[in-house]
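The values are calculated or read from the model by the stated rules, or taken from the named source; none is laboratory data. In this text, all values refer to a predicted model and were calculated from it rather than measured experimentally. With ideal geometry, Cβ positions are generated from the backbone for all residues, glycine too; neighbour counts draw on all protein chains shown. The protein model used for the area step is the full one, side chains on, heavy atoms only, and it has no ligands, DNA or RNA in it. Shrake-Rupley method; radii C 1.70, N 1.55, O 1.52, S 1.80 Å.
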Amino acid sequence: MGDENFEPKIVVIACHWCTYQAINLAGTSRFKYPPNVRVIRVMCSGRSDPQFVIEAFRNGADGVLVAGCHPGDCHYVNGNMKTMRRTVLLEKMLEQMGIERGRFRREWISAAEAKKWVDVVTEMVEQIRKLGPLVMRSGGGDG
Amino acid sequence: MPKAKVAFYWCASCGGCEEAQVDLADKLFDLVEAADIVLWPVAMDFKREDVERMPDGSIDVAIINGGIRMSEHEEMVKLLRRKSKLVVAYGSCAHMGGIPALANAYTKESIFKYAYEEAPTVNNPEGRRPEVRASFDGVELELPAFLDYLKPLDEVVEVDYYIPGCPPTPEITWEAISSILSGKLPPKGHVFGSDRALCYECPLNETKPEKISLDTIKRPHQIVLDPNKCYLTQGVLCMGPVTRGGCKALCIKGNMPCTGCFGPVDGVSYQGAKALSFFSSIINIDDENTFRKLVEELGVDPLGWFAKYCLGKGTIYRKKEER
């Protein structure tokens, strides 16, 4: 920790219909945000299998963000509701595995909310910069 | 034709795998007819030096159960890998880490602290902990070290085949051993058992509706299960849909939902995540706060519920070694 040159790597799994459009809008609106994100587009946030998140952490991500449409706005009716339930449990599971809270996040960002996208990413990068690179020190079961 | 040489070895295991091997019963005679057993710590007296004396590659197949927890396990499996043509991971622990891998959620320090100081039955006023070197009556002893994490076998040596289960059934054990001994080798990395989910061979599958939607989930001890109706529809978590078949649904026939010991089907890297995902899909709650409340009330412990046998495979400890 405390590595000054540390640049967090954040994997973003974004839904095509909302968050990905918001990211696009942020770009066309010339909004500035930290370049620490790698965005993966999925058709629905419900497609973001929890395995993807674990795989991302294993392959060097310091943080993972799953983002999709607001509840009730899912293009596939209720895909994001499955995401909601999965991420609630996944957050717990990752914590048990020793991955600090804050490294994994789920957000609802609509196609119009380019500003929210910028805020979320900026905040997450700062938070993970404070946490430092993900080095597995131990499991999280110690409380 | 000379007899094949077979070695059995145990690492961090409970002894259930040995039990399963002995449960081969009369098939054991077929085994000794076809093969010489050159190492079998549970039943026969061989020493490590005996194995060291064998030429490299002289053992035809080494069947290893248990996870890798101690430095001794690591040394022995590396030795056996060198001496053997084929290495088979036998049972959940060797395959995916098994139940002992749940300790990966704790640090080595906190495991020692509990086991040697805090556990209610411990009487250890000097607070002694296991040491690698100790001297006793002027004799220097060297003991195996406790590693930081429990690893499945294939994290330590190359593994050719896997026999899943906690423990594997005698049928699947014999199917695997006889196919290997007869030279009918499946492709490398093959996991014995079915490549479809357990539900396909479950006798209760007929009663499973197209869509399962539950408002809550119950633990098996909280209800009297109807043995003729899919356990999931009765509101009890059964890992059948996310678990490899091949056990012939033994637990379910014994009135117990599946806990997932055969591991994931091909193509799934982490069974725990898949199970968590499946559980999220059958619970029918769309309000986040209500769902969080339910999870808290039920005391859902995602690792214990969904990753009971596979944490060794899913542990993200690799990062520590890489950086």
Self-check item: Within the accessible area of the range B:223-323 (1.4 Å probe), percent carbon and sulfur
Solution: 53
Quiz item: Applying the Karplus parametrisation 6.51 cos²θ - 1.76 cosθ + 1.60 with θ = phi - 60° to the phi angles of the range B:189-205, what ³J(HN,Hα) value in whole Hz is obtained for each residue in order, glycine and proline being reported as x?
Solution: x, 5, 9, 5, x, 7, 9, 10, 5, 4, 3, 4, 10, 7, x, 8, 4
Quiz prompt | Distance violations [Cα-Cα > 28 Å] among B:LYS113/B:LYS313; B:LYS83/B:LYS274; A:LYS9/A:LYS115; B:LYS108/B:LYS253; B:LYS151/B:LYS229; B:LYS188/B:LYS308 | solution = B:LYS83/B:LYS274; B:LYS108/B:LYS253; B:LYS151/B:LYS229
Quiz item: Which whole-number value in Å² is the accessible area per residue of the range B:67-114, probe 1.4 Å?
Solution: 34
Practice problem: Might you work out the accessible area of A:PHE52 for me, using a 1.4 Å probe with all protein chains in place, and round it to the nearest 10 Å²? | Solution: 80
Quiz item: Between B:ASP23 and B:ARG196, 0.36 nm times their residue separation minus their Cα-Cα distance comes to what?
Solution: 59.7 nm
Practice problem: Could you list, by residue number, the cysteines of chain B that have no other cysteine's beta carbon within less than 4.7 Å of their beta carbon? | Solution: B:CYS11, B:CYS14, B:CYS17, B:CYS93, B:CYS199, B:CYS202, B:CYS230, B:CYS238, B:CYS247, B:CYS251, B:CYS258, B:CYS310
Self-check item: Separation in nanometres of the label points that stand 7 Å from Cα toward Cβ, at B:ASP226 and A:VAL135
Solution: 5.7
Quiz item: On a 0 to 90 degree scale, rounded to 10, what angle separates helix A:114-131 from the longest Cα axis of chain A?
Solution: 0
Quiz item: What whole-number value in Å² describes the accessible area per residue of the range B:125-256 for a 1.4 Å probe?
Solution: 56
Quiz item: Quick one: buried accessible area between B and A, total over both chains, 1.4 angstrom probe, nearest 100 Å²?
Solution: 3400
Self-check item: Degrees, to the nearest 10: B:271-282 long Cα axis against longest axis of chain B
Solution: 10
Self-check item: Note, ³J(HN,Hα) from phi for the range A:33-41, Karplus 6.51, -1.76, 1.60, rounded to Hz, x at Gly and Pro
Solution: 8, x, x, 8, 9, 10, 9, 10, 8
Quiz item: What value, in deg cm²/dmol to 500, does the helix sum -39500 (n - 2.57) over DSSP H runs of n ≥ 4 give at 222 nm once divided by the residues of chain B?
Solution: -8000 deg cm²/dmol
Quiz item: If R0 is 41 Å, what FRET efficiency do you get for B:GLU171 and B:ASP137 from their C-beta distance, rounded to 0.05?
Solution: 0.25
Quiz prompt | Placed amide H near B:PHE46: partners under 5 Å, 5+ positions off or other chain | solution = B:TRP40
Quiz item: Measuring with a 1.4 Å probe in the full set of protein chains, what accessible area per residue, in whole Å², belongs to the range A:21-136?
Solution: 42
